[in-house]
Each structure stands twice: as structure tokens, then as C-alpha cells.
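The values are calculated or read from the model by the stated rules, or taken from the named source; none is laboratory data. Because the structure is predicted, anything quoted here is derived from the model rather than measured. Using ideal geometry, Cβ is built from the backbone for each residue, glycine included, and neighbour counts are taken over all protein chains shown.
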Amino acid sequence: MSEVKTSLSESAANLSAYESYHGLTAEAIQRSFLDHLEFTLAKDRFTVTHLDQYLALAYAVRDRLIERWLRTQDTYYRADAKRVYYLSMEFLMGRTLGNAIVNLNLKEECRRALLDLGYRLEDIQETEPDAGLGNGGLGRLAACFLDSMATLALPGYGYGIRYEYGIFNQEIKDGEQVEQPDNWLRYGNPWEIARPEVLYPVHYYGEVVQFPNGNGKIAHKWIKTETVLAMAYDTPIPGYGVQNVNTLRLWSSKASREFDFHHFNEGDYISAVRSKTESETISKVLYPNDNRHSGKELRLKQEYFFVAATLQDIIRRYKKTRKTFDEFPDKVAIQLNDTHPAIAIAELMRIFLDEENIPWEKAWELTQATIAYTNHTVLPEALEKWTVELLGKVLPRHLEIIYDINYHFLRDVRVRYPNNEELVQRVSLVEEPVPGIRPKSIRMANLAIVGSHRVNGVAALHTEILKRDLFRDFALMFPEKFENKTNGITQRRWLACCNPQLASLITEAIGDKWMTDLYEMEKLIPFADDPGFRQAWQKVKQDGKDILIEVVNQTWKHKLRIDKQSLFDCQVKRIHEYKRQLLNLFHAITLYNRLRHQPNLDIVPRTIFFSGKAAPGYRLAKLIIRLINAVADIINHDVVTRDRLRVVFLPNYRVSLAEKIMPGAELSEQISTAGMEASGTGNMKFALNGALTIGTLDGANIEIAEEVGRDNIFIFGLTVEEIAKLKPHYSPWDYFHSDPELNEILNMIGAGYFSPLDKELFHPILFSLLEGGDQYFVLADYRAYVECQERVAQAYLDQDQWTRKSILNTAKMGKFSSDRTIQEYAQSIWRVSPVPVNMVTCEV
Ligand SMILES: *Cc1c(COP(=O)(O)O)cnc(C)c1O
């Protein structure tokens with residue numbers, strides 16, 4: 001604990017209260033910081049902790065957002081603006097403080113205010129826990145989109161769930177992943193504002209009754225439900241270079257009062273309290289699956305929970321200014337981040353039909369015109385299906401409505417395509433049961449497509465695959481519905497915040513317009529041929545590597561010595577078979593074996609970094625983590641090889657760790673089986689920070705290659721078309737037998753070389769690669785990958801040329817700003833325009 005100086009600067013002491021809340025000078029921030037320490041946190045200089053320092057600074061920064069936030073909401077209301085609602089089960093926000101400081105342009109002021117008190121801004125930022133309310137790319141995309149919507153002055157709202165426990169913390173014990181609960185709210189969350197008055201009931205179970213509505217029609221009523229309350233918590237989302245501050249509204253579940261009374265009347269106090277805790281479990285924990293559907297009842301209840309609360313909120317806001325729903329799609333755009341919120345289609349229909357008494361045709365027209373759907377995967381295990389049994393129990397009225405939607409839809413299909421019952425079966429929202437194999441289910445992707453006016457994939461190849469394969473029938477029926485929206489990342493967090501040194505170097509060279517127009521980076525191209533600039537670039541990259549070494553030293557207690565000159569080769573992402581961490585590991589073992597067999601072999605020294613979490617129920621992914629750590633253990637302890645080859649597993653991959661890895665990375669591993677990674681966004685973060693990519697022709701890698709040019713990227717491996725051709729007769733055994741280096745690796749794993757105490761430990765991995773048929777084509781791509789890595793190593797020998805390519809990668813990242821992605825959504829899906837906020841500057 002460092003001591004707060006007793007005498008803060010005279011000028012800070014003399015500032016007005018107004019300045020303390022609003023002032024953007026170092027003095028005003030210091031005054032605000034000290035006021036919060038004393039009056040919000042009740043601490044003095046003898047009791048102040050690191051947490052107090054963080055909280056005081058967070059409150060001081062938050063104060064500076066509040067006026068803009070209130071004015072933003074008022075501006076949108078007065079402009080009668082069309083709003084965008086981004087519905088997502090996940091928002092992987094990471095830390096907020098540093099991002100808010102950058103977006104408010106307050107970094108130097110904060111630094112000075114704190115330094116004067118003896119504190120370092122960087123140290124204070126490290127205290128903030130990550131908001132880990134997501135699994136990986138999908139949740140992080142939602143977070144980048146919020147930043148871009150605010151920066152583009154679009155009236156956008158994020159809506160999701162305030163999980164009490166985010167993605168688990170990963171510890172590595174004896175090489176194994178151990179999951180620890182992420183109690184991220186333990187010390188309070190200074191960024192959220194609780195809104196106890198924004199409270200909506202959400203109903204489950206019960207039954208549906210029909211009755212004549214008096215107009216000769218049948219009305220439906222959903223009765224005898226169990227009710228849970230959704231309470232809002234708001235987080236401000238500041239744009240960069242604008243006054244707009246948008247809102248992320250997350251719902252927390254609360255027991256309803258009626259529910260309690262029901263039990264109290266029976267005199268059972270304990271039951272009442274127990275039901276209260278049960279209904280509060282809905283927002284308790286994030287499901288830790290990436291790209292995998294969990295058919296659990298609680299998950300379905302979570303999905304409906306935030307959709308039902310969100311739609312009530314949207315309709316309340318709409319009704320403030322309108323009497324009828326005729327203009328609903330002109331004022332409301334709803335984007336579904338994957339099918340997780342797709343029940344919104346049935347819920348909006350239910351509200352229109354049962355509560356607003358709108359006729360079916362009109363209700364359906366309004367719903368379709370309002371909703372759009374983003375698909376994130378073609379992996380079959382990730383496609384959401386809910387059994388009719390479960391859906392009918394939890395949401396009986398919604399099941400009826402889905403059947404009605406299907407009835408209308410299939411009637412139209414039969415008219416347009418007579419005598420094609422196979423087509424009808426394929427596009428039906430209902431998957432018919434196969435006794436003993438699969439139960440009757442609702443296909444949520446089909447519901448999302450039918451109920452939306454736009455369906456988009458997240459990279460050019462992915463959208464093509466959707467149109468050609470997964471959704472072929474739909475794309476032929478509704479070609480105008482399908483669009484591509486290649487993903488992006490925000491350069492504010494993924495360059496300005498996480499790599500301030502590189503950001504400064506760039507800004508010195510080309511100015512700072514890249515902060516809001518990433519295409520400006522092209523101005524760096526001539527600098528790639530400037531030796532002085534290259535040297536400066538290389539120096540900054542080396543500093544990034546040194547910081548990463550510091551992270552390794554902290555994590556592994558200085559037990560691993562990293563060669564700062566070695567090639568920093570990074571694969572950081574969720575652990576999944578299709579992402580092929582195994583392929584990378586096999587390359588590491590290949591280098592290891594070459595060094596063992598030829599101890600004097602001259603190779604480019606490498607440090608291979610892995611980081612990523614496995615879903616707790618994904619046994620093979622967890623075993624892959626164990627194998628990585630086992631291989632690391634052997635390689636790092638071998639005196640013959642350890643000065644030239646290191647393998648490092650960095651535990652607990654998360655946004656704040658990614659922010660430390662990106663600046664130090666030199667080689668970005670993007671090696672998924674072609675056709676399986678929808679887009680990837682990690683690939684963009686690396687390239688923006690000057691890493692070169694080794695990758696397959698998959699997802700956005702293809703577009704990155706188009707932008708940077710084939711000379712500045714390392715592409716290898718089977719294409720989607722080649723995999724499709726190989727698939728029917730693929731035999732991994734052929735590769736096992738014909739490639740001696742590959743054969744040696746698999747034999748070592750099989751013989752227990754990396755698990756001497758349990759020689760069969762890794763056999764399930766071998767089984768999946770050989771007997772299991774190697775679904776992800778690891779063996780088929782092995783040789784091409786190893787040869788490509790040889791080209792990488794060769795290129796690294798010429799540091800000057802490597803640096804040139806590094807600069808060109810950053811220079812060509814313009815397309816991959818989420819600002820560009822959001823502009824495309826705004827123009828062709830949402831049809832919304834910017835609504836800039838003008839601040840009346842207040843005289844003090
Ligand atoms: C960007 C990001 C991802 C997505 O990485 P991919 O390589 O695209 O899978 C996952 N997790 C975190 C923490 C990220 O920041």
C-alpha cells in the first residue's frame with residue numbers, strides 16, 4: 001500500500017463540486033478521486049487498498065460519463081430515432097476502466113492526477129476484474145459492436161443477462177484444467193447502475209386456454225404460470241470522439257411478490273424463501289459452452305428470461321410516442337446474435353396476437369420486418385434444437401405459436417413447390433422424431449430464418465457455405481434475405497488501449513484519424529520501406545515481447561526462462577478440436593524430435609504460446625490441454641532443446657490476458673479445418689498488432705489474405721473444396737503410415753512418452769485421430785503445416801523483411817474494424833442513421 005500524500009495540489013483542493021464531477025483536467029480528476037475515496041468508500045490514507053484506488057478512479061471516470069449518458073438518451077427520444085436492439089446471451093466486455101479513459105480522451109490527465117498522489121494508472125487498472133459474461137468470439141463480437149455503435153453515434157442498446165458468475169476461472173493443476181467459479185461481483189461493480197424500478201414479470205409453465213374474443217375470433221390466454229421478475233442493470237457505453245454514451249442493459253432475476261404470497265398464505269415461510277432462491281437462479285451462471293448447444297431446461301429459461309424482459313422494455317419505449325404498431329419496424333430493429341434469443345420471434349408474435357389483438361397476418365409482417373438473425377456456426381453440434389416436450393412444458397403458448405408459424409410457412413412452401421415433401425421436411429421448423437434416436441424437436445435456426453427479414457453470416461466464405469449447404473433451401477426460396485457481414489474488432493480496445501506504444505508510433509507517423517477510420521492505416525504503407533521507422537517498429541514489438549515475458553514470469557513463478565529473441569508463436573482461443581491446437585502441438589513435437597535427433601541442428605528459436613479454456617464437459621478438449629502441458633513439461637526440461645524451443649501454456653485466457661498477448665505476438669496461429677471457423681476475430685487482433693498470420697483458407701483469414709497480400713501471410717492446407725472431395729475416402733491411417741515424422745509423434749504419444757506415469761492417458765486423442773476418422777483433418781494437413789512453418793522460420797531470419805511485413809499487416813487492417821461492420825449492418829439491415837449528441841458546454 002503506497003501512501004497518499006497529505007498535501008494534494010492547491011488547485012485541486014480549491015475546485016468546485018461541479019468541477020469535481022465534470023472537470024476534464026488532472027486537477028479535477030484528482031479532486032474527484034480523493035472525494036470518492038473519502039465519501040463513497042469511507043477510506044483515509046491509512047486504510048486505502050488497491051481495490052479502493054481502483055474503485056475511486058472508476059467512480060471519478062464514471063461521473064464524467066453520466067451527463068453525456070443522460071443527454072444521449074434524451075437526444076434519441078427527442079429525435080424520435082429508430083433504435084437498434086442487439087440481443088445477445090453473451091457480452092464479453094473484459095475491463096471497462098482503461099477503455100472508458102481512452103474513449104473520453106482522459107489518459108494523460110488520469111495519469112498525472114494519480115502520479116501526483118504516488119500511484120501508477122497501469123497498476124490501478126490491473127485491479128479491475130474482467131466482466132467475463134461470454135465464452136469467446138460471439139460474446140466478444142457483441143462487446144466490439146457496442147463500442148462501434150456508440151462511436152458511430154447510432155442509437156443502439158445491448159440487451160443480455162447479468163450473470164452472477166461469468167465464464168469460470170481456469171487453473172492448471174498438474175497439467176489439468178480446474179474450473180473455479182468467477183465471482184466477479186464480489187467487490188461490487190462500479191460501472192453498473194441498478195434500476196430497481198425497471199422490473200418486468202417473466203412467465204413460465206402453466207397452460208393455454210382459448211375463448212371467443214367477441215369478434216368471432218378465438219383468443220388465447222396463458223394462465224397458471226410461474227412468474228419470475230427481471231430487474232435491469234445499466235452500464236454506460238461511451239463512444240470515442242463523440243458525446244454519445246449508449247446503454248448495455250442486463251437483466252437479473254428476482255423472485256416475484258405474488259409467488260411469495262402464494263406460499264405465505266399456506267403458512268410455509270421456508271418454502272417461500274426457497275422458491276425465491278430458485279427463481280433467482282435463472283441469471284446465476286453463464287453456460288460455459290462455446291459452439292455447443294446444451295439442451296438443458298435452465299438454459300431455455302435463461303433464453304426466454306432476457307428475451308421476454310427485453311421485448312417488454314422495447315415495447316414500453318415504443319409506446320411512449322406511438323398509439324399503434326404500424327410504425328414498429330420503422331422505429332425498432334432487433335438483431336439476434338445467433339439463435340440464442342430466437343424465441344423473440346414467438347414472443348413478439350405472442351405479444352402482438354394475445355396482448356395487442358393484432359391479426360395474424362399483420363403481426364407476422366411486423367415481426368419479420370423488425371427482426372434479423374446472425375448465424376455464427378455451421379457445426380452441427382452447435383445448432384440449437386429444443387425438444388417439443390421441453391418447449392411445450394416451459395413455454396406452452398410459444399410452442400403453439402411456432403406450430404402456427406410453421407403451418408403458414410409450409411402452406412406457402414407447398415404452393416410454391418408442389419409435390420416436394422422432402423423439401424417440406426427439410427425446411428420445417430419441426431424435426432420429426434426417429435424412435436430411439438431423436439425426439440421431436442424445434443429447429444431454432446429455421447425459426448430464426450423464417451421470422452427474420454435478413455440472415456447474415458460473419459465472413460464471406462461462411463456466408464457462401466450457409467447459402468450453398470446449411471441453409472441452401474432457404475437461400476433458394478428467399479435469396480434477398482441472405483447477406484454477408486464480415487466481423488470486425490474495435491481498434492480502440494485492440495490497439496489504442498492494449499498497445500499504447502504501437503498506437504503512439506503510428507499516430508506520430510500518420511496522425512490519429514485511424515482511431516475512427518481504420519482505413520487511414522494505409523498511410524503506413526510507405527513507412528514499411530523506411531529503415532528508421534522499421535527500427536522503431538521493431539523496438540516497440542520487442543517491448544511488447546518483454547511485457548509478455550513478464551506475464552509468463554508472474555504466472556510460472558520464474559520457473560520458465562523465455563528467450564526474448566525467439567519467435568513468439570501464439571495460439572490463443574477456446575480449445576476445440578476444429579481449431580486444431582493439436583496440429584500446432586504436433587509441429588512443436590516435430591521441432592523437438594528434430595533437435596533430439598540432431599542436437600546441432602540450426603533452427604530459429606521459438607516460444608510457442610497456448611492459451612484457452614475448454615468447456616468443462618468437453619472431455620477431449622480437456623485432454624488436449626493436458627497434452628499441451630505434458631509436452632511443455634518434457635520440452636522445457638530437456639537441456640538439449642530448451643534453449644531453442646519452449647512451449648508455454650498461459651492459464652485463464654480472457655480479454656485482459658488477450659490484451660497483454662497481442663502486443664507481444666509475432667506469429668498468429670489461425671489453423672482451423674477449412675469451412676469450420678465461421679470468421680474468427682482473434683486473427684484480426686493479432687494482425688492489427690503487427691503479427692503475421694499462419695493460417696488455413698478459412699473464415700476471415702481469406703479476407704485478411706486478400707487485404708495484406710499473399711506475400712505477407714502464410715497460407716497452407718486443404719481448402720473447403722479439397723476437404724469435401726477428400727472426405728468420402730479419407731483415411732488418416734494412410735498419413736500415419738506414410739509420413740515418418742507424423743508416425744513418430746503418434747507413436748510417442750501412444751507409448752506414453754509424455755505421460756510416463758500413465759502411458760495410456762492420451763489414447764483417446766489417438767483414437768479420435770485414427771479409429772475415429774480424424775473428423776478435423778489434422779493428419780491430412782500436418783505435412784503442409786510443417787512445411788509452411790519452415791517458410792515462417794526462413795522469413796523470420798530476415799528481421800528487416802519480417803518487420804516490413806508486420807507493418808504492412810497493420811497497414812492493411814482497415815476492413816477489419818467493427819466500425820465498418822456496424823456501418824454495413826446500419827445501412828442494409830437496420831436502416832438506422834447516426835444521432836450525434838451535442839453537449840451544451842456549461843460555464844463553471
Ligand atoms: C477475440 C477473443 C476470442 C475469439 O478468438 P478466436 O481466435 O476468433 O476464436 C475469444 N476469447 C477472447 C477472450 C477474445 O478476446
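I'm trying to understand the selection: among the residues of the range 160-189, which are assigned to a loop (DSSP other than H, G, I, E, B) and crowded, with 21+ Cβ neighbours inside 10 Å? Listed by number, the residues that qualify are Arg162, Tyr163, Gly166, Ile167, Asp182. Scanning the range 78-92 finds one or more residues that are within 16 Å of the ligand (Cβ to nearest atom) and among the small types (Gly, Ala, Ser). Within the range 639-694, no residue satisfies the criterion of being among the aromatic types (Phe, Trp, Tyr), touching a Gly at 6+ places or on another chain (Cβ under 8 Å) and more than 29 Å from Leu461 (Cβ to Cβ).
Looking at the structure I just gave you, is Arg95 of a type in the set (D, E, K, R) and either away from the ligand (no atom under 16 Å from the Cβ) or free of Cβ contacts under 8 Å to residues at least 12 places away in the same chain (or both)? Considered against the rule, which asks whether it is of a type in the set (D, E, K, R) and either away from the ligand (no atom under 16 Å from the Cβ) or free of Cβ contacts under 8 Å to residues at least 12 places away in the same chain (or both), Arg95 comes out as no.
Of everything in the range 507-537 that's hydroxyl-bearing (Ser, Thr, Tyr) and in contact (Cβ under 8 Å) with a residue 60 or more places away in the chain, which residue is nearest to Leu495 (Cα to Cα)? Step by step, filter the range 507-537, then rank; the result is Thr516. Would a scan of the range 404-412 turn up a residue that is farther than 17 Å from His220 by Cβ and touching a residue at least 24 places away in the same chain (Cβ under 8 Å)? Yes, the range 404-412 has at least one match. Quick one: would you say Asp234 is touching a strand residue (DSSP E or B) at 6+ places or on another chain (Cβ under 6 Å) and in a loop (DSSP other than H, G, I, E, B)? It is false that Asp234 is touching a strand residue (DSSP E or B) at 6+ places or on another chain (Cβ under 6 Å) and in a loop (DSSP other than H, G, I, E, B). When Thr486 is tested against the conditions (1) under 21 Å from Asp819 (Cα atoms); (2) over 30 Å from the mean Cα position of the chain (by Cα), the lone failure is (2). The helices (runs of 4 or more DSSP H) found entirely in the range 744-812 that carry 1 or more residues being farther than 25 Å from Ala630 by Cα and in contact with an Asp or Glu (Cβ under 7 Å, 6 or more places away or on another chain) are 799-811. The condition of being under 13 Å from Ile172 (Cβ atoms) and at pLDDT 95 or above holds for only one of Val655, Val639, Val648, Val631, that being Val648. What are the residues in the range 804-840 that are under 18 Å from Asn484 (Cβ atoms) and of a type in the set (Val, Ile, Thr), if any? Within the range 804-840, Thr821, Ile822, Ile829 qualify. All of (1) part of a helix (DSSP H, G or I); (2) more than 15 Å from the ligand (Cβ to nearest atom); (3) touching a Ser or Thr at 6+ places or on another chain (Cβ under 8 Å) hold for Leu623 with one exception: (3). Here Val631 fits the description: touching a Leu at 6+ places or on another chain (Cβ under 7 Å) and away from the ligand (no atom under 14 Å from the Cβ).
Within the range 356-386, the set of residues being under 15 Å from Phe478 (Cβ atoms), out of contact with any strand residue (DSSP E or B) (no Cβ under 9 Å at 6 or more places or on another chain) and among the aromatic types (Phe, Trp, Tyr) comprises just one member, Trp364.
Just to be sure before I move on: is Thr607 away from the ligand (no atom under 13 Å from the Cβ), over 26 Å from Asn291 (Cα atoms) and not in a helix (DSSP H, G or I) in the structure I sent? Yes: the conditions hold for Thr607.
Could you go through the range 575-584 and let me know if any residue there is buried (at least 21 other Cβ atoms within 10 Å of the Cβ), among the basic types (Lys, Arg) and within 16 Å of the ligand (Cβ to nearest atom). Within the range 575-584, one or more residues are buried (at least 21 other Cβ atoms within 10 Å of the Cβ), among the basic types (Lys, Arg) and within 16 Å of the ligand (Cβ to nearest atom).
Residue count for the range 550-568 satisfying the condition of being part of a helix (DSSP H, G or I) and either touching a Ser or Thr at 6+ places or on another chain (Cβ under 6 Å) or in contact (Cβ under 8 Å) with a residue 60 or more places away in the chain (or both): 3.
Residues that are at pLDDT 75 or above, in a helix (DSSP H, G or I) and not polar (S, T, N, Q) within the range 249-277 comprise Tyr269, Ile270, Val273, Arg274, listed in sequence order. The residue that is farthest from Gly137 (Cα to Cα), counting only those in the range 485-505 that are assigned to a helix (DSSP H, G or I) and basic (Lys, Arg), is Arg492. Residue count for the range 424-472, restricted to those that are under 16 Å from His340 (Cα atoms) and free of Cβ contacts under 8 Å to residues at least 12 places away in the same chain: 0. Residues that are within 16 Å of the ligand (Cβ to nearest atom) and among the small types (Gly, Ala, Ser) were ranked within the range 139-197; the one that is farthest from Gln335 (Cα to Cα) is Gly166. Being within 16 Å of the ligand (Cβ to nearest atom), more than 30 Å from Leu766 (Cα to Cα) and modelled with pLDDT of 95 or more holds for only one residue in Val551, Val572, and it is Val551.
Say whether the condition of being within 16 Å of the ligand (Cβ to nearest atom), surrounded by fewer than 24 Cβ atoms within 10 Å (Cβ to Cβ) and not basic (Lys, Arg) is met by at least one residue in the range 108-129. Within the range 108-129, one or more residues are within 16 Å of the ligand (Cβ to nearest atom), surrounded by fewer than 24 Cβ atoms within 10 Å (Cβ to Cβ) and not basic (Lys, Arg). When Ser768 is tested against the conditions (1) under 30 Å from Tyr76 (Cα atoms); (2) touching a Leu at 6+ places or on another chain (Cβ under 7 Å), the lone failure is (1).
Glu508 meets all of the listed conditions (1) away from the ligand (no atom under 16 Å from the Cβ); (2) not in a helix (DSSP H, G or I) but one, namely (2). Residue selection: Tyr592 fails the criterion of being within 16 Å of the ligand (Cβ to nearest atom), surrounded by 17 or more Cβ atoms within 10 Å (Cβ to Cβ) and of a type in the set (Phe, Trp, Tyr). Across the range 714-751, what is the total count of residues that are under 30 Å from Leu688 (Cβ atoms) and without any contact (Cβ under 8 Å) to a residue 60 or more places away in the chain? Residues that pass the stated criteria total 4. If you go through the range 291-311 one residue at a time, how many are of a type in the set (D, E, K, R), part of a loop (DSSP other than H, G, I, E, B) and in contact (Cβ under 8 Å) with a residue 40 or more places away in the chain? The qualifying residues number 1.
For the range 569-588, the count of residues that are of a type in the set (Phe, Trp, Tyr) and without any contact (Cβ under 8 Å) to a residue 60 or more places away in the chain is zero.
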